[in-house]
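Q: Right, I'll just put the structure down here and ask away after.
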Amino acid sequence: MDLVKSHLMYAVREEVEVLKEQIKELIEKNNQLEQENSLLKTLASPEQMAQFQAQLQTSPPPPSSQPQGTTAPQPQPPPSQPAPQGSGPSA
């Protein structure tokens, strides 16, 4: 019985170490993404921010988690200039 208990305790300790490392990596990634988000917010014009807010309100929320081993697409900065209106051919 002691052998089973010690084996389980060893397995649990090992898993705890793996989870601690994953938490550390996720915290670092979260901090990096928060800094990137802050930078993008400061670089975006008020019009771009309003457009982004409108998109958030009309689109469904993304899934709350991703399967392990996949990477999220990197967010693209908003375009620096809006597309010109009425640039198509006129008849």
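Q: Starting from the Cα of residue 14, step 7 Å along the direction of its Cβ; do the same at residue 28; then give the gap between the two resulting points in nm.
A: Label-label distance for residue 14 and residue 28, simple model: 2.4 nm.
Q: Taking the Cβ-Cβ separation of residue 35 and residue 56 as r and a Förster radius of 22 Å, what is the calculated FRET efficiency to the nearest 0.05?
A: Efficiency at R0 = 22 Å is approximately 0.60.
Q: Let me ask something else about it. For residue 24, which aspartates and glutamates qualify as cross-link partners when the Cα separation must be under 17 Å and same-chain residues fewer than eight apart are set aside?
A: In chain and number order, the partners are 14, 15, 34.
Q: For a quick check of understanding: with a 1.4 angstrom probe and all protein chains in place, what accessible area in square angstrom does residue 9 have, to the nearest ten?
A: Using a 1.4 Å probe on the heavy atoms, I get roughly 90 Å².
Q: Rounded, prolate or oblate, given the Cα gyration tensor of the stretch 1-63, with a/c below 1.5 counting as rounded?
A: Verdict is oblate for the stretch 1-63.
The values are calculated or read from the model by the stated rules, or taken from the named source; none is laboratory data. All values derive from a computational prediction rather than experimental measurement. In this analysis, Cβ positions are derived from the backbone assuming ideal geometry, glycine residues included, and neighbour counts consider all displayed protein chains. Areas reflect the complete protein model, heavy atoms only, side chains present, ligands, DNA and RNA absent. Shrake-Rupley method; radii C 1.70, N 1.55, O 1.52, S 1.80 Å.
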